[in-house]
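Presented below is the structure to which this report refers.
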Amino acid sequence: DGPRQTATTSGGSGVVIADEGLILTNEHVVRNAVEIVVLLSDGSRYPVRRIASDVRRDLAVLRIDRCRLPALQPAEALPAPHSPIVTIGRPTPGGGDQPRVGVVTRTSASLQERIDPRRDRDYGALIESTAAIEPGFSGGPLLDAEGRLIGLSVAVSGRGSTERTRAYAIPFNADTRRAVARLVQGAWVAIAE
């Protein structure tokens, strides 16, 4: 007998960024996936047919065969410290969306040395907040008080330790928007036939 292959199921969250079926998430959420299924808030499921990713920025755009999806609108500016925020994630695959509230503590926090000292990814200028997120929130939206997109959840620190828990998000600023536009216009990879 040879080594056994096992299949694992994991989850993450995402953000509808265009009504023609484009979903934004973190690249680390979909890395090495053989099959990706998007579960929408109405309970419908759609297989992801194509993906475009940017490993350095930890971004991935997924395409599903569904039109007229309500897309989140981006905020015109990033929030200031002490601004209220809401983040939405799905901590259990197949479970429901869960909102978590908090406030912005820093707008340019770095987790580079802590989670990627080799600098394969850029985690040098993240939005830090007090939102109590957990695994499954990665790739989910960070929203301002008006419900506009300001970031994409990417990491949490301090869970199970004596330090305070902090949530981190990639800011949905002009730089990130340009990177997402390049992904949408660039080379898509088929992941399911």
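What follows is calculated from the coordinates using simple rules that are stated; it is not laboratory data. Just so it is clear, the model here is predicted, and its values are computed rather than measured. FYI the Cβ positions are ideal-geometry reconstructions off the backbone, even for glycines, and counts take in every protein chain you see.
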Over the alpha-carbon set of segment 49-163, work out the extent along each principal axis and list the three values in angstrom, largest first.
-> 44, 34, 31
Order of 60-67, 138-145 by packing, highest average Cβ count within 10 Å first?
-> 138-145, 60-67
Integer Hz, Karplus 6.51/-1.76/1.60 couplings in order for segment 20-29, x for Gly and Pro = 8, x, 9, 10, 9, 8, 7, 5, 5, 6
Describe numerically, in nm with one decimal, the distance between label points set 7 Å from Cα along Cα→Cβ at C67 and at W188.
-> 1.4 nm
Computed, not fitted: 222 nm per-residue ellipticity of the chain from DSSP H runs ≥ 4 (each -39500 (n - 2.57)), nearest 500, equal to -2500 deg cm²/dmol
Sorted on mean Cβ neighbours within 10 Å (highest first), peptides 150-158, 46-54 come out as 150-158, 46-54
Relative contact order (%) - criterion: Cα under 8 Å, at least six apart; region: the chain | 24 percent
Inter-label distance, nm, simple model (7 Å from Cα along the C-beta direction), R31/V103 = 3.4 nm
Evaluate 2.2 N^0.38 Å with N set to the residue count of the chain, then give the Cα radius of gyration divided by it.
-> 1.01
Could you bin all the Cα-Cα distances of segment 22-84 into 5 Å bins starting at 0 and give me the percent of pairs in each, rounded to whole numbers?
-> 4, 14, 22, 19, 18, 12, 8, 3, 0
At 20 °C and 1.002 mPa s, what whole-number value in µm²/s does Stokes-Einstein give for the translational diffusion of segment 112-176, with Rh from the Kirkwood sum over Cα pairs?
-> 172 µm²/s
Student exercise, segment 1-112 dipole from Lys, Arg, Asp, Glu Cβ charges, in Debye to nearest 20 | 120 debye
